[in-house]
Amino acid sequence: MSTFTFNTPANVIVGVDTSKQLGEQVKRYGGKRVFVITDPGIAKVGILAKVIDILKKDGIEVGHYDQVIPEPPIDRMDEIGDLAREGNYDVVVGLGGGSSIDVAKVAAILMTNEGSANDYIGIGKVKKPGVPTIMLPTTSGTGSEVTGVAIFSFLEEQTKKGVVSPYLYASTAIVDPGLTLSAPPSITANTGMDAFVHAAESLISRQANIYTQGLSLMAIELISNNLRTAVTRGDDVRARYNMSLGSLLAGVAFANASCGAVHAMAYPLGGEFNIPHGMANTLMLRYVMEYNVVAAMDRFVLIAEKMGEVTQGLSKREAAHKAIDAMVDLAADIGVPTRLRDVDIPKEAIPRMAKSCYEQQQRLLSINPRILSEKELAEIYTNAW
């Protein structure tokens, strides 16, 4: 019998139009002044205005910041933290994809912890809880609304690193699939693949347990059965609901079991070449999984079965490799590239990406089913090119 711990937000609300409960949730935490953090795209399509209107109708004062950029650089975080402190807000709302939600998490802890955001990069460095946070994802991908991690770009080092703390878990996560309906096909595809990778990597993680594995498998089934429809028919509410649920389950799974070498190797792609995170994961997916399959063959067979592959009559090895083929087919069907050359990553960048990954991403590499040296990382990048 195994022993394990499990963390998740205190309150998770899922369903179409559940964003209308935002004011009620703010009041639950005694909130009277709310700071909404989002990005220009969410402001442009009217979702920010809708959220502000919900809050104001409940008599809540609202301030907002709508300039979060994708793959947010750590250098911008202190400016946003200062705005949160100066506004004397008592609740922070993260509205958008993973970038906005991650920024909101750290803004909340900067309101109660001294110093710079850079002081908290790493594991367990946050000293005390931030103000209450409510997260409303507008994509089905990062699962950040239910994790205790916030990821930032480090431009000089050309990589990405995270703040990891139980104090980053949201007070409430409101997962309203209706907020994802305006996401364009490319974002739906990239974020959907991110969610899929969360599910697959958390399943084969060294830290996986019976609880997280069940969530991972449900997420794999939901995402693989609905992502194609969500990309090609974005107004399909059922597909959007199932993607939101799949992303949520994958988020809870990887928040507790963590991810592995796919994510570790994707971070230099985002840090140096500004490749969107879900795309960066997909670029590395086949090649890392081909390396991992021998160490987790039984779990790869489960992935194949959840993705609808016929495994009856096949050897375990054949069935496991079916999972990898199915992953690549999913990416191809929704137009997400799977080779580094397809996004103009130069081959000469491979040695420095391998070095960066090995030196900066041991938190993730140590959880991967197989140990990777810098040489082996370079070989996988070469295979992916």
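Before moving on, here are some points about what is shown:
- Across the cross-link table entries Lys316/Lys347; Lys56/Lys160; Lys27/Lys50, which are compared at the Cα atoms, the separations over 28 Å belong to Lys316/Lys347; Lys56/Lys160.
- Bins of 5 Å from zero: percent of alpha-carbon pairs in the stretch 11-180: 1, 10, 20, 24, 22, 13, 6, 2, 0, 0
- Per-residue [θ]222 nm for the chain (sum of -39500 (n - 2.57) over DSSP H runs n ≥ 4, rounded to 500): -16000 deg cm²/dmol
- When Rg and the Kirkwood Rh are both derived from Cα coordinates, the Rg/Rh ratio for the chain amounts to 0.96.
- In this structure the amide hydrogen of Val93, modeled in the peptide plane, comes within under 5 Å of the amide hydrogens of Phe35, Val36, Ile37, Ile134, none closer than 5 places in sequence on its chain.
- Taken as Cα centroids, the stretch 236-306 and the stretch 51-106 sit 27 Å apart, rounded to the nearest whole angstrom.
- Shape parameters for the stretch 185-384, alpha-carbon atoms, Rg then Dmax in Å: 15.7, 46
- For the residue pairs Lys105/Lys128; Lys105/Lys161; Lys57/Lys105, the alpha carbons lie more than 22 Å apart in Lys57/Lys105.
- Near-label residues of the stretch 127-144 by backbone N, under 20 Å of a point 7 Å along Cα→Cβ of Arg85: 127-133
- When both bridge partners sit in the chain, DSSP labels roughly 20% of those beta bridges antiparallel.
- Nearest-ten-degree value, helix 210-232 long axis tilted from longest Cα axis of the chain: 90 degrees
- Cα→Cβ-extended label distance, 7 Å offset, between Lys44 and Ile123, nm: 3.9 nm
- Working note: Debye formula, equal point scatterers on the alpha-carbon atoms of the stretch 273-383, no solvent; log10 I(q)/I(0) at q = 0.11 Å⁻¹ is -0.39.
- Think of each Lys and Arg Cβ as +1 and each Asp and Glu Cβ as -1; about the Cα centre, that makes the dipole of the stretch 185-384 roughly 220 debye.
- Between Lys56 and Glu348, the contour length at 0.36 nm per residue exceeds the alpha carbon distance by 99.8 nm.
- Whole-Hz couplings from phi, Karplus 6.51/-1.76/1.60, listed for the stretch 323-329; x for Gly and Pro: 4, 5, 4, 5, 4, 5, 4
- Exposed-loop-free span, longest in the chain, where GluC sites (Glu not before Pro) count as exposed if DSSP calls them loop and at most 11 other C-beta atoms lie within 10 Å: 157-385
- Working from label points 7 Å from Cα in the Cα-to-Cβ sense, the Thr112 to Glu359 distance is 3.6 nm.
- Ser315/Glu376 FRET efficiency (R0 25 Å; Cβ-Cβ; nearest 0.05): 0.45
- Added length on full extension, which subtracts the Cα-Cα distance from 0.36 nm per residue, Asn7 to Asn274: 93.0 nm
- Considering only Thr172, Thr229, Thr38, the mean-square fluctuation computed in a Gaussian network model of the chain, springs between alpha carbons under 10 angstrom, is largest for Thr229.
- Positive-end residue, the stretch 185-384 charge dipole about Cα centroid, Cβ charges, pick of Val288, Gly214, Asn274: Gly214
- Given charges at beta-carbon only (K, R positive; D, E negative), |dipole| of the chain in Debye: 640 debye
- Each Lys and Arg contributes +1 and each Asp and Glu -1, all at the Cβ; summed about the Cα centre of the stretch 66-137, the dipole is approximately 340 debye.
- Of the residues Tyr29, Pro137, Met307, the one whose Cα sits farthest towards the positive end of the charge dipole of the chain is Tyr29 (charges of +1 on Lys and Arg Cβ, -1 on Asp and Glu Cβ, taken about the Cα centre).
- Dipole axis of the chain (+1 Lys, Arg; -1 Asp, Glu on Cβ), positive-most option in Phe154, Asn11, Thr112: Asn11
- Each label point was placed 7 Å from the Cα along the Cα-to-Cβ direction; for Lys32 and Ala295 their separation is 5.4 nm.
- The rule of thumb for compact globular proteins, 2.2 N^0.38 Å, goes into the C-alpha radius of gyration of the stretch 1-104 1.17 times.
Here, each number is a calculation from the coordinates, and none is a lab measurement. Given the structure is predicted, the values throughout are model-derived calculations rather than measurements. A quick note on method: Cβ atoms are made from the backbone with ideal geometry, for glycine too, and the neighbour counts reach across all protein chains shown.
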